[in-house]
Amino acid sequence: DHVANQIAAGEVVQRPASVIKELLENSIDANARHIQVVIKDAGKTLIQVIDDGTGMSLTDARMSFERHATSKIKIADDLFSLKTKGFRGEALASIAAIAHVELKTKTEVDEVGTCIKIEGSEVTSQEACVMPKGTCISVKNLFYNIPARRNFLKSDNVETRHVIDEFQRVALAHPGISFSLTHNGNELFQLPPTNIRQRITNIFGGKTNEKLVPVEEATGIVKIKGFVGKPEYSKKSRGEQFFFVNDRFIKSPYLNHAVVAAFEGLLKERNYPSYFLYLEVDPKSIDINIHPTKTEIKFDDEHSLYAILKSAIKHSLGQFNV
Ligand code: ADP
Ligand code: MG
């Protein structure tokens, strides 16, 4: 089973940023209100995520590292109406197969917490510990037992960039939750709970605020809210382009095209628009299970979605006289 875990790990975990994504999603699924991320050496040496969520009982903590041990699908039907982020029960098992992991966790009702250490899928120690409600997971020496993978990692600068991208996506998707990110002792982000507009500004800088044009639309197929950057805020590089569907960051070249089409004639040549767009659709009308890292999804009615999005943005741009 250790081999199966290592193979699965290759699918789920490509780099430190993938670990961060999985751990953050677990904290959010556990209803955390405050989430701290601490990394060392771009996450190659240490990735730590501390949350104040529900925590786990001793039994659940032991279980959580078993492959396909997910507490999130109770019946097969749940697969079609996913509200939580995780649903494959693979992340922790995969991570534990390729790193030194320490899990500390405590529920509201338990008096003491549980501390478990795992190395290459083997539990090496388990003891009671004193801590507040919540979970702290430390992932050390990623890929320590797969040198080829470890050597494949890019420079610290590049890997840190990936971590920051992942962190920002999750932080933008959940403006009501507070997040921090610390790298080698330097605090890179300290984000208080707030609304979408303020979260964008807190991440991308105070000047961003005046450049945002609100977008809002509600139809039977989709609810849209969020912001696009005024055309003069467009850039030569892609970057500040975010789609969230049901609070999940996704990539969609197709929907990106709809945004670009709405900006037609307004952008300088070769410039890309900025956007932070939050779509809410019936979970039954999407399929998120097409990729293990879950950044791509399939919509049942993508043509209508395209048209609605484009016209909503055109309308907003027109209203705000840009
Ligand atoms: P999945 O998220 O797909 O269920 P994971 O391997 O990511 O699978 O996690 C396994 C299980 O461990 C989760 O279903 C959840 O019950 C538990 N778990 C993981 N992280 C946390 C956390 N931060 N707080 C509470 N429970 C957690
Ligand atoms: Mg998960």
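Karplus-based coupling profile of the range 279-284, in residue order and whole Hz: 9, 10, 10, 4, x, 6, with θ = phi - 60° in 6.51 cos²θ - 1.76 cosθ + 1.60 and x standing for Gly or Pro. Database remark: amide H of C129 closer than 5 angstrom to the amide H of G113, T114, C115 (H placed geometrically; neighbours at sequence offset of 5 or more, or on other chains; Pro and chain starts carry no H). Along the range 94-99 the Karplus relation, 6.51 cos²θ - 1.76 cosθ + 1.60 evaluated at θ = phi - 60°, assigns HN-Hα couplings of 5, 5, 5, 7, 10, 7 Hz to successive residues, with x for each Gly and Pro. Cβ screening of the chain for cysteine pairs under 4.7 Å finds these without a partner: C136. Mean projected area of the convex hull spanned by the Cα atoms of the range 129-223, taken over all viewing directions: 10.8 nm².
By other beta-carbon atoms within 10 Å, ranking E11, E166, E119, E232 with the fewest at the front produces E232, E11, E119, E166. What the Cα convex hull of the range 160-271 gives, in volume per residue, is 121 Å³.
For the range 235-248, backbone phi angles converted through the Karplus equation (6.51, -1.76, 1.60; θ = phi - 60°) give residue-by-residue couplings of 10, 6, 10, 5, x, 7, 10, 10, 10, 10, 10, 6, 6, 10 Hz, Gly and Pro being listed as x. Here the calculated FRET efficiency for N145 and F189, from their Cβ-Cβ distance with R0 = 25 Å, stands at 0.20, rounded to the nearest 0.05.
Length, then width, then depth: along the principal axes, the Cα atoms of the range 201-319 run 37, 28, 25 Å.
Net charge within 9 Å of L279 by Cβ-Cβ distance, Lys/Arg positive one each and Asp/Glu negative one each, not counting L279 itself? Don't jump to the answer; show the numbers that get you there.
On the way: positive: K223, K225; negative: E280.
Here the count lands on +1.
Dimensions of the chain from C-alpha coordinates, computed as largest minus smallest value along each principal axis and given longest first, are 63, 44, 39 Å.
For I177, the residues 5 or more places off, or on other chains, whose built amide H falls under 5 Å of its own are T194. Translational diffusion of the range 244-312, estimated by Stokes-Einstein from the Kirkwood radius over alpha carbon pairs at 25 °C in a medium of 0.890 mPa s, is 189 µm² per second.
Each value in this text was obtained by applying a stated rule to the coordinates, not by laboratory testing. Keep in mind that this is a model prediction, so the values were computed, not measured. Cβ coordinates were reconstructed from backbone atoms using ideal geometry, including for glycine residues, and neighbour counts include every protein chain displayed.
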